[in-house]
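Data first, discussion second: the structure below is written as structure tokens.
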Amino acid sequence: MGAAGIVLRDVHKAYFKDRLEIPVLAGLNLEIAPGEFAALMGPSGSGKSTLLHLIGGLDTPTRGSVRVGDSQLESMSESALTAWRSRHVGFIFQMYHLVPVLTAAQNVELPLLLFRMASSERKRRVQTALSIVGLGDRTDHRPNQLSGGQEQRVAIARAIVTDPDVLLADEPTGDLDARTSEEILNLLNALNTEFGKTIVMVTHDPRAAGHAGRTLHLDKGVLDREEVNTRRAATASAS
Amino acid sequence: MTLGYVLLQNLRRNPLRSGLTMVAFALPMAVFVVGISLVLALQQVSKANEAELRLAVQNRIALVNALPERLRREIEALDPDKRRIVAVCGFRWFGGRVPNTKSGIQSLGADPDTFPIVYRELRWTDEEEQSWKRDRRAAVVGSNVAAQYGWNVGDRVTLESTVPPYLSLEFVIVKITDATGRVNGMYLRRDYFEESRAERGFRNPGCNVFWLRCTSIEAMREMQTLIDEHFANSPNETRTMDENAFAASFTEALGNLPGLMQGIALVVVFIVALVAGNTMMMSFRERTRELAVFKAIGFSNRRVFGVVLSESVMLAVVGAAAGILPTAAVLGAIGVRMVGFLPITSLTVSPTAIVIAMCIALSVGVAAGLVPAWQAIRLNTVSALRRVG
Ligand SMILES: Nc1ncnc2c1ncn2[C@@H]1O[C@H](COP(=O)(O)OP(=O)(O)O)[C@@H](O)[C@H]1O
Ligand SMILES: [Mg+2]
């Protein structure tokens, strides 16, 4: 499946708490090209997760338009968004969120249960996804038998097993040490450069953001500045 | 891997809790299925009784007050052309037991001439009927009693009566019956019984109950009023009722068993539903994030609802099966003999009872899973994911 671009126009998002309006995003514009790897930074509570959820169709904007690939998300119903998510996005979370009673392979297989597919095809896909993240030999381990870094790899395999166009990662290295973080970031990098996935990654860590081609800064409800990572851009174009 | 497999694995998440919840289903369902079987067996007995078109005539005041035996002729005279009554048979309570044993046998003296007619469902062979009529000491024994004491046809057995004049009489077994409702009884000849009483100075031949076999339901209704009206304001006022009414009045001490079972079942089901519902709610509250991830991955509300509900139903059905099937197997294997009040051959778990119990378990599983399944639908994926930061 080809990579998809992301276009947000004048996106507003507000939450209501005790009838009090809490504005989070206020007229945000954003364009991410197909196959781009973008990092999203900003102070805590600035709305990074909210933005990621809007792009992934988990939430809908109060106002404005969100287009991912050919889909105009703000006009889709909840059930249409759910179906859309299963095909077009893969989520990666800070806390991995694996099902503890299932093995690595079974966790990766979970999203495929939504598709009509021969079991041999399913097995092949799971094995491929696990090989890509470098866990081809850990398929029968349960999450509690894996390290944090390995758990995150399983979560990444789960995100890519359906071959989505877009990967959305919310602080994927937030809970990992520097070395393991580096491995996970290299893996995301490879998914971007070699498999052409469009990636949006929220992070607090400037070094993590350095792996992306572009870093967007979110503050006070809008993207107030951005910077292009030339070093990474160079390695990306070199490969 | 299927979704069913995922559900099954989820039960392993907290094995102790899953186990206890299953026990909470297993135990009441085991008791329930036995109770239901009992009720069904009794219902079968009463259905069989209905088919026999029998009326019981007893003393209006109490069963123990015997009616004079001449009342049989008077009753017969109420239907001179025998349009409504097939035959009348008088019974006197013998109250016997095997010497040196404690438990009594429901033993009754019956009029020898009409007993085979009024109780024709015992399916008499010519030979059995002739033996009964020929030998004054003849006795017909229910299969439970015969099995309990190891008696066979042709055996001579002695029974002591526990009521005055405390006769000790010898009988010859001419027939063993497994007819519905008769398996715990023993029937002897009243003429032999009365003569032995007379020898001890008890010269008041009488019957605790006259059993009438009627020709039709209408005939039964007519005779019921006719008899009681006939003996009204006489020294021997009667109370006439059909066989099930008679049996019910007789087992009143046991209470209304079906009603009681229903009451217990309702309470138990309610409690199990609460316990299971609470457990399911706890179990899913701990997994809010996981359900949110399922939704983020693309599981629709309908699917998530199904996942939660199925887990609850699975727990309920597996738990109930774990209680019911071993109970049924054990009862089937050891075949508990019901000797005593209840006119049932042996207590086995009926397939109907199993089906009823499983349906109840299923409904409780659905009921218990409904709230958490609804909560799973309502779950706000975004806030659930955010809660962990
Ligand atoms: N469901 C909600 N109800 C009320 N306020 C919310 C809700 N979700 C998020 N917020 C608020 O929106 C703001 C942005 O949250 P979030 O996107 O999680 O920020 P970040 O990921 O950048 O830390 C925060 O102030 C948060 O309190
Ligand atoms: Mg966040």
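Derivation of every value follows stated rules applied to the coordinates shown; laboratory data play no part. Predicted model only: the values in this text are computed from it and were never measured. Neighbour counts run over all protein chains shown; Cβ positions are idealised from the backbone, glycine included.
Restriction of the trypsin sites (Lys or Arg not before Pro) in segment A:108-201 to DSSP coil positions whose beta-carbon has at most 11 other beta-carbons within 10 angstrom yields A:ARG116. Between B:LEU212, B:LEU55, B:LEU167, the residue with the greatest mean-square fluctuation in the GNM of chain B (Cα pairs under 10 Å linked by springs) is B:LEU167. Across peptide A:56-65, the mean count of Cβ atoms from other chains lying within 10 Å of each residue's own Cβ comes to 2. Within a straight-line Cα-Cα reach of under 19 Å, B:LYS175 can be paired with the following aspartates and glutamates, leaving aside sequence neighbours fewer than 8 residues apart in one chain: B:ASP111, B:ASP113, B:GLU121, B:ASP126, B:GLU127, B:GLU128, B:GLU129, B:ASP135, B:ASP155, B:ASP191. In percent, rounded to a whole number, the relative contact order of chain A is 28, using alpha-carbon pairs under 8 Å and six or more apart. Partner shielding of A:97-109 amounts to 4, given as the average count of beta-carbon atoms from other chains within 10 Å of each residue beta-carbon. Between B:LEU63 and B:VAL172, the C-beta separation translates, for a Förster distance of 22 Å, into a calculated FRET efficiency of about 0.20. The mean sequence distance of close C-alpha pairs (under 8 Å, at least 6 residues apart), as a share of the length of segment B:141-281, puts its relative contact order at 16 percent. Remark: spin-label model distance B:ASP126-B:MET281 equals 7.4 nm, labels positioned 7 Å along the Cα→Cβ axis. Given a Förster distance of 51 Å, report the FRET efficiency between A:ARG87 and B:LEU266 from their Cβ-Cβ distance, rounded to the nearest 0.05. After rounding, the FRET efficiency stands at 0.55.
For a modelled paramagnetic label at A:ARG142, 7 Å from Cα along Cα-to-Cβ, the residues of segment A:87-102 in reach, with backbone nitrogen under 20 Å, are A:96-102.
Going from the fewest other Cβ atoms within 10 Å to the most, the residues B:PHE115, A:PHE115 appear in the order A:PHE115, B:PHE115.
Each part reduced to its alpha carbon centroid, segment B:2-28 and segment A:133-202 end up 32 Å apart.
At 20 °C and a viscosity of 1.002 mPa s, what translational diffusion coefficient does Stokes-Einstein give for the protein assembly as shown, taking Rh as the Kirkwood radius over Cα pairs? Give it in µm²/s as a whole number. Answer from the Stokes-Einstein relation: 69 µm²/s. Residue exposure proxy: A:THR173, B:THR352, ordered by other Cβ atoms within 10 angstrom of their Cβ from fewest to most, comes out as B:THR352, A:THR173. The HN-Hα couplings worked out from phi for segment A:171-181 by the Karplus form 6.51 cos²θ - 1.76 cosθ + 1.60 (θ = phi - 60°) are 6, x, 10, x, 10, 10, 6, 4, 5, 5, 4 Hz, whole numbers, x standing for Gly and Pro. Estimate the FRET efficiency between B:LEU226 and B:LEU27 by the formula 1/(1 + (r/R0)^6), using the beta-carbon distance for r and 41 Å for R0, to the nearest 0.05. Result of the calculation: an efficiency of 0.20. The mean sequence distance of close C-alpha pairs (under 8 Å, at least 6 residues apart), as a share of the length of chain B, puts its relative contact order at 27 percent.
Couplings 3J(HN,Hα) of segment B:163-172, computed from phi: 10, x, x, 6, 5, 10, 10, 9, 10, 10 Hz, in residue order, whole Hz [Karplus 6.51 cos²θ - 1.76 cosθ + 1.60, θ = phi - 60°; x for Gly and Pro].
Between B:ARG302 and B:LEU274, residue separation times 0.36 nm minus the direct Cα-Cα distance comes to 7.7 nm.
Remark: B:LYS175, B:LYS295 ranked as B:LYS175, B:LYS295, counting other beta-carbon atoms within 10 Å and listing the fewest first. Extension gain, B:THR162 to B:GLU199, is 11.6 nm, computed as 0.36 nm per intervening residue step minus the present C-alpha separation. Expressed as a fraction of 2.2 N^0.38 Å, the C-alpha radius of gyration for chain B is 1.40. Which of the aspartates and glutamates could a cross-linker span from B:LYS295 if the Cα-Cα distance has to be under 19 Å and same-chain partners fewer than 8 positions apart are dropped? Cα-Cα hits under 19 Å: A:ASP59, A:GLU74, A:GLU78, A:GLU109, A:ASP163, A:ASP165, A:ASP170, B:GLU286, B:GLU311.
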